[in-house]
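Reviewing the structure listed below.
The values are calculated or read from the model by the stated rules, or taken from the named source; none is laboratory data. Please read these numbers as outputs of a predicted model, since none were measured by experiment. Neighbour counts are summed over all protein chains in view; Cβ atoms, including those assigned to glycine, are modelled from backbone coordinates with ideal geometry.
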Amino acid sequence: MQIPKFHRILVYYFTSTPSMVSIQNLYFSYGRRKVFDSLNLELKPGTIYGLLGRNGTGKSTLLRNIGGFLFPQQGSIDAFGYTPGKRQPSFLERVFLLPEDFQLPPIGLQRWIKHMAPFYSLFDKPQFERYIGEFNVPTDARLNEMSYGQQKKVLISFALATNAPLLLLDEPTNGLDIVSKSQFRKVIAGAIDEKRSILISTHQVRDLEQLIDRIMIIDEGRIVFDQDLERIASKLLFKFSFDPEEAARAMYRESSLKGNALILRNTDQEDSRPDLEMLYKAITLDPKTLTSIFHP
Amino acid sequence: MKPRSELFNWSRWCLLVSKHWDENRKRYLLALLAIAGLLIVWFSFILVMDKYTPMNVIYQYMTYFVGLYITGSLYASTLFAELSSKRDGVGFLALPASQLEKLLCALLFGILLFFVVYTIIFYAVDIPLVRIANRIIASSPRNYPNTTIRILAMPVYNVFTGAYGPGFEKEMHLFLFAFFSVQSAFLLGSVYFTRYSFIRMVVVLAVGLLGIMTVQARVILPLLPSGWYNGWTGWFSRDAAGNTDKLVALPESAENAVILLVQCAPPVLLWIVTWYRLKEKQV
């Protein structure tokens, strides 16, 4: 059952929904290069998370830790009561990681489905066919003869049709054309329900702006910002203005043809749509000022 | 519904085997055809070149084992090749099957089926060519060079009994059993090394062999009394004529147990190490 975004936010805040994934004091490094230091994170069902961060801050590494492909060097990860690193089959059925880079075998789509689907007890073939239809992927082609974008659409469709409660999508819109990006947003928005959580790591915030319920920004080994969009909209005002006084009061500003794009304190509870790209830039530039608004 | 075991589930393993076969069967069939083709070319070359004893047992023995070791170790080192890259490794590890099931699938194809199919292919080529060689000998009888000893029909080498083969193979099936250890070592190498696993495993095995030979020559032999040597399972001394005159050996039952342990334990040990390595693998 698809649930409206606002309802999802209410569920997040006003119910004692247990976390689907709980990460405590995660420490991870590649040799001497520290990636995470005491990273804490909670993922709750019914939410689409957007994970943002600069290149090399560990977005993919975090997804791989949650998926059980990398092991925490310190700290713990709990996903539905499982330790991901043990890679138990029943855990692997519940988590689907769509990597940025992947390779599908040189066989036909139908044959691939025939062999992959039985591993996922909740796999729904009509659902898969519906997604494949929505993405306009040819069903009679061999996987290795498809374009990267088509292969990605096959994997996205498969990931959703497994009905895995946790989807980890690493740069899912990379390689998708404009129409496909819009189809992707539509498909993902229709696939979220109260039992499922989707974590999307991306650089392309604009692609997913209308999809994400909650934004998390990772920097210097920690989650430096973790807020839902409704709360961001209630605390911050995003607007264009030619008023120099307003620009001077702004917590962040950038000039554009439409005037100064500003982030201001939303003291009068005005309605505005958060511009995630601008918010991301503001937080990476001066994390203290913005986060202090949310944690006075 | 009863929950499926997290360690091993028969139906899940069958799915894994079926998936592996379906994704690789074209490649495997082509490889088997290539092996058959190479055997035909090689045996035909011997048939043409050796005018006296074409297809004799030693040729068959050497060809069987050299081919088995080379193709087997090359194949084993590709069985977990997905794990050498992040791109393929995620897909392999993410598949909802236990690491034991994935290992057993690799063992089925890499150790058991490969050995059976290679042996069938070998005999499918070897038996007809031995018959051709014997027809040639029968049609124009000949003696061994510079002797009056008649060359008789060549037998087909039996890899399981080692009959007509070298003594150590006949008595202990040395190369036959060692193959499973070597094959298992290359399988472990394909999990252990991220790149060039075949070459690296060749180096590791060569260094290991060199180490054993050094220990034998520099440590064990100097410890033995003068004129004493160590054999496969005991020690012996030779008289002036070169015949064994004294022998220190285990009782036969204990000796047989040691031989069985040496034949069977290394592959099992290597499979266990591979399983643990697979569980610890990160991509």
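Could you grab the pairs with beta carbons closer than 8 Å, sequence gap of 6+ or different chains, first residue in the range A:64-87 and away from chain B (no Cβ under 11 Å), second one charged (D, E, K, R) and surrounded by 17 or more Cβ atoms within 10 Å (Cβ to Cβ)?
A:ALA79/A:ARG94; A:PHE80/A:ARG94
Take the residues in the range A:107-165 that are in contact with a strand residue (DSSP E or B) (Cβ under 6 Å, 6 or more places away or on another chain) and part of a helix (DSSP H, G or I); name whichever of them is nearest to B:ASN24 (Cα to Cα).
Out of the qualifying residues, it is A:LEU155.
Considering B:MET62, B:MET49, which residue is hydrophobic (A, V, I, L, M, F, W, C) and farther than 22 Å from B:TYR118 by Cβ?
B:MET49
Do we find a residue being within 14 Å of chain A (Cβ to nearest Cβ), at pLDDT 95 or above and surrounded by fewer than 17 Cβ atoms within 10 Å (Cβ to Cβ) anywhere in the range B:254-270?
no
Within the group B:LYS26, B:LYS102, which residue is surrounded by 16 or more Cβ atoms within 10 Å (Cβ to Cβ), within 14 Å of chain A (Cβ to nearest Cβ), outside any loop (DSSP other than H, G, I, E, B) and not hydrophobic (A, V, I, L, M, F, W, C)? Steps first, please.
Numbers: B:LYS26 fails: surrounded by 16 or more Cβ atoms within 10 Å (Cβ to Cβ).
Just one listed residue meets the conditions, B:LYS102.
Is it true that some residue in the range B:233-241 is away from every other protein chain (no Cβ under 14 Å), polar (S, T, N, Q) and in contact with a Gly (Cβ under 8 Å, 6 or more places away or on another chain)? Can you show your working first?
As a first pass, look at the range B:233-241 and keep what is away from every other protein chain (no Cβ under 14 Å): B:233-241.
Retained after the next criterion (residues that are polar (S, T, N, Q)): B:233, B:237.
Next, from what is left, pick out any that are in contact with a Gly (Cβ under 8 Å, 6 or more places away or on another chain): B:237.
Yes: one or more hits.
Can you tell me which residues in the range A:204-214 are in contact (Cβ under 8 Å) with a residue 40 or more places away in the chain and either surrounded by fewer than 24 Cβ atoms within 10 Å (Cβ to Cβ) or touching a Ser or Thr at 6+ places or on another chain (Cβ under 6 Å) (or both)?
Within the range A:204-214, the first condition is being in contact (Cβ under 8 Å) with a residue 40 or more places away in the chain, and the residues that meet it are A:205-206, A:208-209, A:211-214.
Across the range A:204-214, the qualifying residues are A:VAL205, A:ARG206, A:LEU208, A:GLU209, A:LEU211, A:ASP213, A:ARG214.
Would you mention how many residues in the range B:151-173 are in contact (Cβ under 8 Å) with a residue 24 or more places away in the chain and not in a loop (DSSP other than H, G, I, E, B)?
Number satisfying all stated conditions: 3.
Need the failing condition index for B:SER5 against (1) facing chain A (nearest Cβ under 10 Å); (2) part of a helix (DSSP H, G or I); (3) surrounded by fewer than 18 Cβ atoms within 10 Å (Cβ to Cβ), just the number.
For B:SER5, the exception is condition (2).
For the range B:10-23, what are the residues that are out of contact with any helix residue (DSSP H, G or I) (no Cβ under 7 Å at 6 or more places or on another chain) and either of a type in the set (Phe, Trp, Tyr) or surrounded by 11 or more Cβ atoms within 10 Å (Cβ to Cβ) (or both)?
B:TRP10, B:CYS14, B:TRP21, B:GLU23
Hey, could you check the range A:109-126 for residues that are buried (at least 16 other Cβ atoms within 10 Å of the Cβ) and more than 8 Å from chain B (Cβ to nearest Cβ) and say which is nearest to B:SER85 (Cα to Cα)?
A:TRP112
Can you tell me which residue is nearest to the other protein chains (Cβ to nearest Cβ) among those in the range B:72-91 that are within 15 Å of B:TRP21 (Cα to Cα) and surrounded by fewer than 23 Cβ atoms within 10 Å (Cβ to Cβ)?
Checked the range B:72-91; the qualifying residue nearest to the other protein chains (Cβ to nearest Cβ) is B:THR78.
Step by step: first the residues of the range A:88-103, then only those that are assigned to a loop (DSSP other than H, G, I, E, B) and within 17 Å of B:VAL283 (Cβ to Cβ), then the one that is farthest from the other protein chains (Cβ to nearest Cβ). Which residue is that? Walk me through it before giving the result.
Of all residues in the range A:88-103, those assigned to a loop (DSSP other than H, G, I, E, B) come to A:88, A:99-103.
In the following step, the residues that additionally are within 17 Å of B:VAL283 (Cβ to Cβ) were identified as A:99-103.
On the way: A:PRO99: 5, A:GLU100: 9, A:ASP101: 5, A:PHE102: 6, A:GLN103: 6 Å.
Looking at residues that are assigned to a loop (DSSP other than H, G, I, E, B) and within 17 Å of B:VAL283 (Cβ to Cβ), I get A:GLU100.
Which of the numbered conditions does B:HIS20 fail, given that it passes all the others? Conditions: (1) more than 10 Å from chain A (Cβ to nearest Cβ); (2) touching a residue at least 12 places away in the same chain (Cβ under 8 Å); (3) within 19 Å of B:VAL116 (Cα to Cα).
Against the list (1) more than 10 Å from chain A (Cβ to nearest Cβ); (2) touching a residue at least 12 places away in the same chain (Cβ under 8 Å); (3) within 19 Å of B:VAL116 (Cα to Cα), B:HIS20 comes up short only on (1).
Does B:ARG277 satisfy being closer than 21 Å to B:LEU79 by Cβ, of a type outside the set (S, T, N, Q), in a helix (DSSP H, G or I) and in contact with a Gly (Cβ under 7 Å, 6 or more places away or on another chain)?
Taking the combined requirement at face value, the residue does not satisfy it.
Between A:LYS195, A:LYS186, which is within 25 Å of A:PHE91 (Cα to Cα) and among the basic types (Lys, Arg)?
Values: A:LYS186 fails: within 25 Å of A:PHE91 (Cα to Cα).
Selected residue: A:LYS195, the only one of A:LYS195, A:LYS186 that is within 25 Å of A:PHE91 (Cα to Cα) and among the basic types (Lys, Arg).
Yes/no matrix, rows are residues, columns are (1) at pLDDT below 95; (2) of a type in the set (D, E, K, R); (3) touching a Leu at 6+ places or on another chain (Cβ under 7 Å):
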{"site": "B:ALA185", "(1), (2), (3)": "no, no, yes"}
{"site": "B:THR194", "(1), (2), (3)": "yes, no, no"}
{"site": "B:ILE199", "(1), (2), (3)": "no, no, no"}
{"site": "B:VAL203", "(1), (2), (3)": "no, no, no"}
{"site": "B:GLY208", "(1), (2), (3)": "no, no, no"}
{"site": "B:ILE212", "(1), (2), (3)": "yes, no, no"}
{"site": "B:VAL219", "(1), (2), (3)": "yes, no, no"}
{"site": "B:PRO222", "(1), (2), (3)": "yes, no, no"}
